[in-house]
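Engineer: First, the structure itself, so that you have it in front of you.
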Amino acid sequence: MALITYREAIKQALAEEIERDENVCIMGEEVAQYNGAYKVTEGLWEKYGDKRVIDTPISEAAFSGLAIGSSMLGIRPVVEMMFMSFSYVAFDQLFNNASFCRYMSGGLMNVPIVVRGPANGGTNVGATHSHTPENLIANHPGLKVVCPSNAYDAKGLMKSAIRDNDPVFVMENTLLYGEKWEVPEEEYVVELGVANVLKEGKDISIITHGRCAMIALKAAETLKTEHNIDAEIVDLRSIRPLDEATILNSVRKTHRAVLVEENKPYCGVDAQISHLIQYKAFDDLDAPIHRVSAIDAPQIYSKPLEDWQIPNETRIIDSVLKCLA
Amino acid sequence: MPSKVATQKPVKKSTSKTNFETLPINKKLSKEEKVGLYETILGIRRFEEKSLQAYNQGKIGGFLHLYIGQEAVAAGIVSLMEENDHIITAYRDHGHALAVGMGMNECMAELYGKYTGCSKGKGGSMHFFAPDKRYWGGHGIVAGQTPLGAGLAFALKYKGLKGCAVCFLGDGAVNQGSFMETLNLVSLWGIPVVYVIENNGYSMGTSLKRSSAEESLAKRGEAFGIKWDTCEGHDVFEVREAANKAMTYAREELKPFILEIRTYRYRGHSVADANHEKYRTKEEIETYKKNKDPIIVLKNKLIADKTLTEASAKEIDQRMKDEAAVSSKFAEESPYPPKSEITTDVYWTVDNDKDQQLKGTYFFND
Ligand SMILES: Cc1ncc(C[n+]2csc(CCOP(=O)(O)OP(=O)(O)O)c2C)c(N)n1
Ligand SMILES: [Mg+2]
């Protein structure tokens, strides 16, 4: 095992897949010569050249659509959105063309593209640069979406996403890029649709995804030491497809659930998870399901307030205590 | 930017002066090929007339954007497609579909929403596809197909295949941002895509004058250093001459090209557009029909060069009418897709998960 950053893990996945399949290429703004706005693709252009690592103009609609069109003929582009927020100007390409072309053709074609980039708040950049659209993506049948919370998952999920024959969005997180985790030297993939129990516990299930899973882990430590509460942490990893069984098994064991995500609450991913639990594990619940989401307003700029707006340890602990009260 | 591009003028060619059928690209056509062009153009017309009838009888719903009047454009361009060429278009897509060789039965059944339709009833009028014929749709969002067309051509270049993608769009579609973004991209990267603007003078009820600040649409290419040309779309031989130059240029030079083809639609924007004589005059429609109907123009030329006789032309017409009638009968008698089809063809991996290896839930129905 090597201790590497989330950023390095993604880069390894990209490099390995470029080497494995000649049809894999990377395109996006500043991905090649500038080494990536967040340096995720650093060194790849130098190593693999213009054909495989391609700088685009600032035209998200054009290069997303181009990637989709090329994938119809077997190219497997990995499109970097400098921020997932910018995918909104390519909305039609991603949310009509990538998601529905297969369906509208009656299954005659498929769109094997990956759209990747950071989708997070907490960076003090205001509302236009802080979107977490995994709920929006999951609301489009035909698209798949994963939210790796650590370097191991980031690498493994990225490799699966690139090999997948459907469009997959990989939601990264700028606050995780520099964090380090143990990652095996040998090749591995993380399958889509498989959640990960990050920590076992018996008193309450915290069901979460993305960076919130890491915050929940810290909150669980405090809950243990200060409140003697043994929380189980379920990291969804994949939003669509969704590992329902792992969620339900956890709730059936602990009988209580707190759902934590950075999405805004209304129609967020956890609205669906909440429905799932009440529908399939109603009799197992000893308390209402509680949710911790971003506070329901556009992302605020002011740093201390933004840190409060998105889920943090304090808000998670408060919610767990309420759920157990 | 090459000066050659900048100095090119949007001169209107006088179509009466040039006998396009005598130019090499058309002269080389065999008798069978010329008859084939006539069959394609006529087939599209008769198919759509039949579909209109079915629509008016309430058998087809939704939108039905008829291509009637524009047939020579799709027929001419598809006739030039080489082994590695691909096409893609917008929602007015029946003509292109039939021109690439899709059957009337599967197309008509799709309009009816039947299981035997080309997309199993999942796409409808605006979303016909035939990847095996290198036809990539059928796209309902105005100009949404324009980056996709660039992508098809990008894939050719990436794989080192000599070919081009032809991406059709309307005179209204040129004002979409995605198209303008794409023009810059394809010129910057040297992508062999030909954008064919089917300028029928109207986007829904808005005339070109009321939607575009500059009358020449193809000329916009100059801003991106893209070569462009214009031609008339009623004479399939003229379409072939202009499109051949454009497509050859794209294939040979690995560069994009914009070809604006002036054409005309006889019917409303869609069948639901009953008001189409309010935003244009009846005379305008009748004058075009009388002087520039692509079927009549071609028929006269083929009779003049003895490819056809009145009798053989009539025979072809009857055959196309019969084929269209058979297709509507086929569509009528076909079943609707079973309810289980609602959730197939959404994900490739789900459809191909023969050994049930996939993890997780893909569909969220209680
Ligand atoms: C993004 C978008 N806006 C509006 C529409 C509705 N709409 C469909 S066709 C059309 C007119 C397009 O005209 P043009 O590009 O000239 O093509 P034509 O219909 O003449 O073939 C409009 C406004 C749409 N389908 N997509
Ligand atoms: Mg038009």
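The values are calculated or read from the model by the stated rules, or taken from the named source; none is laboratory data. As the structure is a computational prediction, the values presented were derived from the model and not from experiment. Here the Cβ positions follow ideal geometry from the backbone for every residue, glycine too, while neighbour counts run over all protein chains shown. Quick note on the areas: whole protein, heavy atoms, side chains included, nothing else; ligands and nucleic acids left out. Shrake-Rupley method; radii C 1.70, N 1.55, O 1.52, S 1.80 Å.
Engineer: Check residue B:336 against each of (1) within 14 Å of another protein chain (Cβ to nearest Cβ); (2) over 30 Å from residue A:163 (Cα atoms); (3) of a type in the set (Phe, Trp, Tyr); (4) touching a helix residue (DSSP H, G or I) at 6+ places or on another chain (Cβ under 9 Å) and name the one condition it does not meet.
Structural biologist: Among (1) within 14 Å of another protein chain (Cβ to nearest Cβ); (2) over 30 Å from residue A:163 (Cα atoms); (3) of a type in the set (Phe, Trp, Tyr); (4) touching a helix residue (DSSP H, G or I) at 6+ places or on another chain (Cβ under 9 Å), residue B:336 violates only (4).
Table: residues versus (1) over 16 Å from the mean Cα position of the chain (by Cα); (2) near ligand 2 (Cβ under 9 Å from one of its atoms); (3) open to solvent by less than 10 Å² (accessible area, probe 1.4 Å); (4) among the small types (Gly, Ala, Ser).
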site	(1), (2), (3), (4)
B:164	no, no, yes, no
B:170	no, yes, no, yes
B:178	yes, no, no, yes
B:184	yes, no, no, no
B:187	yes, no, no, yes
B:191	yes, no, yes, no
B:194	no, no, yes, no
B:199	no, yes, no, no
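Engineer: Looking at residue A:159 and the list (1) open to solvent by 10 Å² or more (accessible area, probe 1.4 Å); (2) in a helix (DSSP H, G or I), which single condition is not satisfied?
Structural biologist: Here residue A:159 meets the rest and fails (1).
Engineer: Among the numbered criteria (1) within 29 Å of residue B:223 (Cα to Cα); (2) open to solvent by less than 10 Å² (accessible area, probe 1.4 Å); (3) not small (Gly, Ala, Ser), which one does residue B:285 miss?
Structural biologist: Status for residue B:285: all satisfied but (1).
Engineer: Identify all residues within the range B:295-326 that are among the acidic types (Asp, Glu) and loosely packed, with under 14 Cβ neighbours inside 10 Å; write none if there are none.
Structural biologist: B:305, B:310, B:315, B:322
Engineer: What single numbered condition from (1) within 19 Å of residue B:144 (Cα to Cα); (2) touching a Leu at 6+ places or on another chain (Cβ under 8 Å); (3) crowded, with 23+ Cβ neighbours inside 10 Å fails to hold for residue A:113?
Structural biologist: Evaluating residue A:113 over (1) within 19 Å of residue B:144 (Cα to Cα); (2) touching a Leu at 6+ places or on another chain (Cβ under 8 Å); (3) crowded, with 23+ Cβ neighbours inside 10 Å leaves (2) as the failure.
Engineer: Quick one: would you say residue B:132 is open to solvent by less than 10 Å² (accessible area, probe 1.4 Å) and either of a type outside the set (Phe, Trp, Tyr) or more than 16 Å from ligand 2 (Cβ to nearest atom) (or both)?
Structural biologist: no
Engineer: Still on this model: So, residue A:294, is that one surrounded by 15 or more Cβ atoms within 10 Å (Cβ to Cβ), touching a Gly at 6+ places or on another chain (Cβ under 7 Å) and either of a type outside the set (Lys, Arg) or in the same structural domain as residue A:134 (by TED's automatic domain parsing) (or both) or not?
Structural biologist: yes
Engineer: Of the residues that sit in the range A:43-82 and are away from chain B (no Cβ under 13 Å) and in contact with a Gly (Cβ under 6 Å, 6 or more places away or on another chain), which one is farthest from residue A:8 (Cα to Cα)?
Structural biologist: It comes out as A:81.
Engineer: Only one of (1) within 15 Å of ligand 1 (Cβ to nearest atom); (2) touching a residue at least 60 places away in the same chain (Cβ under 8 Å); (3) more than 8 Å from chain A (Cβ to nearest Cβ); (4) open to solvent by less than 10 Å² (accessible area, probe 1.4 Å) is not met by residue B:205, so which one is it?
Structural biologist: Residue B:205 satisfies every listed condition except (4).
Engineer: Okay, moving on. Checking the structure you have, find out if any residue of the range B:294-311 is in contact with a His (Cβ under 8 Å, 6 or more places away or on another chain) and either touching a residue at least 24 places away in the same chain (Cβ under 8 Å) or within 14 Å of chain A (Cβ to nearest Cβ) (or both).
Structural biologist: Yes: the range B:294-311 contains one or more residues that are in contact with a His (Cβ under 8 Å, 6 or more places away or on another chain) and either touching a residue at least 24 places away in the same chain (Cβ under 8 Å) or within 14 Å of chain A (Cβ to nearest Cβ) (or both).
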